[in-house]
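The values are calculated or read from the model by the stated rules, or taken from the named source; none is laboratory data. Computed from a predicted structure; not experimentally measured. Areas reflect the complete protein model, heavy atoms only, side chains present, ligands, DNA and RNA absent. Shrake-Rupley method; radii C 1.70, N 1.55, O 1.52, S 1.80 Å.
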Amino acid sequence: MTDKITNGLDIVYKDMFRCYEDKAIEFLEIGIASGSSLLMFKDMLPKANLYGIDIQVPDMIHERQIRLEQINQNDTARLQWFALAVGRFDVVIDDGSHFTEETKNTFDVFWKYIPEGGIYVIEDWAISFAKDLGYYQVNKDKVIGMGNLVCELTSHKDVKSFNIIANNKHSYAVYYK
C-alpha cells in the first residue's frame with residue numbers, strides 16, 4: 001500500500017486529477033519506491049500512460065500502461081533523454097529524493113515538457129522544517145532550502161498559478177502551467 005493513502009494524498013490527487021479521469025494523458029511519478037502509488041494512479045486514471053522513475057526500480061510491476069526507468073535525479077542528461085523520448089507530461093509528481101538540488105534539477109528538466117494546462121507537484125517539500133525527524137538529521141545539508149525553492153518556483157517562467165500546502169499530514173506544492 002502506498003503512503004499516499006495513509007497520509008490522505010490519494011484524496012487530494014483524486015480531486016486534483018478529476019479533469020484527467022477519462023483522458024489519455026502522459027503521467028510521470030518520480031520516486032516510485034515499490035511502485036504501489038503508480039498502481040493507485042492506474043486505477044484513478046485508467047486511460048493514462050504512466051511512467052515512473054527512481055534510483056532503484058522495482059521489477060514487480062508488469063502492467064501494459066506503466067513504463068519504469070532507473071534514473072538518478074542528479075543525472076540531468078538521462079532525465080533529459082527520458083523527457084525527450086516521451087515528449088510531454090501532462091502531470092509530473094516529484095516524490096523522489098526530497099533534496100533541494102535534485103528537486104530543482106528535476107523541475108528544470110521536466111517543466112519544459114509540460115504543456116499548457118499541465119500540473120507539476122513536489123511532495124514532502126516541508127521535510128526541511130521537520131528537524132525532529134531522522135530523515136532531516138541524516139540529510140540536513142541536502143534538504144536545507146527546500147522551502148525557499150518551493151517559493152522560488154512560483155515565479156518561474158510559465159507558472160500560471162500555484163498552491164502550496166503544509167499541514168500535520170503532508171506537504172506538497174502544485175504548479176500549474
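Couple of notes before you dig in:
- Calculated [222 nm] ellipticity per residue, helices only, for the chain: -9500 deg cm²/dmol; basis is -39500 (n - 2.57) per DSSP H run with n ≥ 4, divided by all residues, nearest 500.
- Carbon and sulfur %, accessible surface of segment 1-114 computed with the full protein complex present, 1.4 Å: 50 percent
- Kirkwood hydrodynamic radius of segment 28-83, from inverse mean 1/r over distinct Cα pairs, in Å: 11.5 Å
- Multiplying the residue separation of residue 88 and residue 6 by 0.36 nm and subtracting their alpha-carbon distance yields 26.5 nm.
- Dividing the convex hull volume of the alpha carbon atoms of the chain by its residue count gives 112 Å³ per residue.
- Between the helical axis of 76-86 and the longest alpha-carbon principal axis of the chain there is an angle of about 30 degrees.
- Long-range Cα-Cα pairs in segment 3-61 (distance over 12 Å), rounded percent: 66 percent
- Across the protein chains, with a 1.4 Å probe defining accessible surface, the residues 160, 23, 4 rank 160, 23, 4 from largest area downward.
- Calculated accessible area for segment 65-131 comes out at 39 Å² per residue, all protein chains present (probe 1.4 Å; ligands, DNA, RNA ignored).
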